[in-house]
1. Residues of the stretch 176-223 being buried (at least 21 other Cβ atoms within 10 Å of the Cβ), of a type outside the set (A, V, I, L, M, F, W, C) and out of contact with any strand residue (DSSP E or B) (no Cβ under 7 Å at 6 or more places or on another chain), which ones?
2. Within the stretch 172-242, which strands (runs of 3 or more DSSP E) (wholly inside it) include 3 or more residues that are assigned by TED's automatic domain parsing to the domain that holds Leu153 and over 18 Å from Arg104 (Cβ atoms)?
3. Test of understanding: among Asp164, Asp184, Asp230, Asp263, which residue is of a type in the set (Asp, Glu) and under 20 Å from Thr150 (Cβ atoms)?
4. So for the stretch 126-134 (the condition being assigned to a loop (DSSP other than H, G, I, E, B) and among the hydroxyl-bearing types (Ser, Thr, Tyr)), does at least one residue qualify?
5. Quick check on my filter: what residues within the stretch 122-156 are out of contact with any helix residue (DSSP H, G or I) (no Cβ under 7 Å at 6 or more places or on another chain) and of a type in the set (S, T, N, Q)?
Amino acid sequence: MKKIIAIVLALCLSALCFAGCSSSGGDTLTVAISPDFAPMEFVDPTKEGQDQFVGFDVSMAKYFAEEMGKELVIQPMSFDACQTAVYTGSVDMAISGFSWTEDRAANYNISDYYHAGDNESNQILITLAENGDKFADVGTGAGLKVGAQTASLQESLVKEQLPDCELVTIGDLGTAILQLKNGDFDVLAVAEGNGEAIIASNPEVAKSGFFFEVDEKYTANVVLLQKGDDEMTELVNELIAKAEAAGLNEEWYAEAQSIAGIDVSYDDEGNVA
């Protein structure tokens, strides 16, 4: 509950800033995130200010800023607002667990793929643990109420693969967990890595056993940049490749999992298993 309150406060503060701020350029790199998506981006309630934002994408944003010689300014906001902020040029970019979609490719400059562990490899449904395997096989979703975040890959997958369900869209995933517990819907569509983070903090929630069919183009993430900002896009692509070649992605993901309370296993040489 403390984490959820922290996220809500952060988003409220962001709304005030978003209304009057624009991408400053110069010595500042402004990055929009939706800090409700552990282990990619979330709030550490033990910290304050910019330090409270943690996760894989935050680590990558810090890396970008350091390599560019700029000061990083994280602007927290809702998932759909992140996309609007980039579109209007209010921020330099959004790094918030985005998957490639045709719509995003048409409206934004899209970075090369980057890989954050297995977060996007599987897309699943989570439910209350007391339901057991009741929702492991849901067919086309007839009679099923499914929650999904607005403007997310999960929303698209639900519409495509569970066409007969009753779709309930939610802006904030922290709120979605409360709604799931309250019985507002039967299951919630999430990336598996995010589902594991949710379950780590909510033992009454479990995987349902259902897996969406996921095209390979959706199994990695991209950075959103303003359409036509080719110079920044080229630089971001160079830094994505540099970080992956240096093995930083594995370090960032393991650290994010640890902060989110997800058990991380290591081999005999100390590498993430």
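1. Those that are buried (at least 21 other Cβ atoms within 10 Å of the Cβ), of a type outside the set (A, V, I, L, M, F, W, C) and out of contact with any strand residue (DSSP E or B) (no Cβ under 7 Å at 6 or more places or on another chain): Gly193, Glu196.
2. 187-191, 205-211
3. Criteria check complete, one pass: Asp184.
4. no
5. Thr127, Asn131, Thr140, Gln154, Ser156
The values are calculated or read from the model by the stated rules, or taken from the named source; none is laboratory data. None of the values given here were measured: they were computed from a predicted structure. Neighbour counts run over all protein chains shown; Cβ positions are idealised from the backbone, glycine included.
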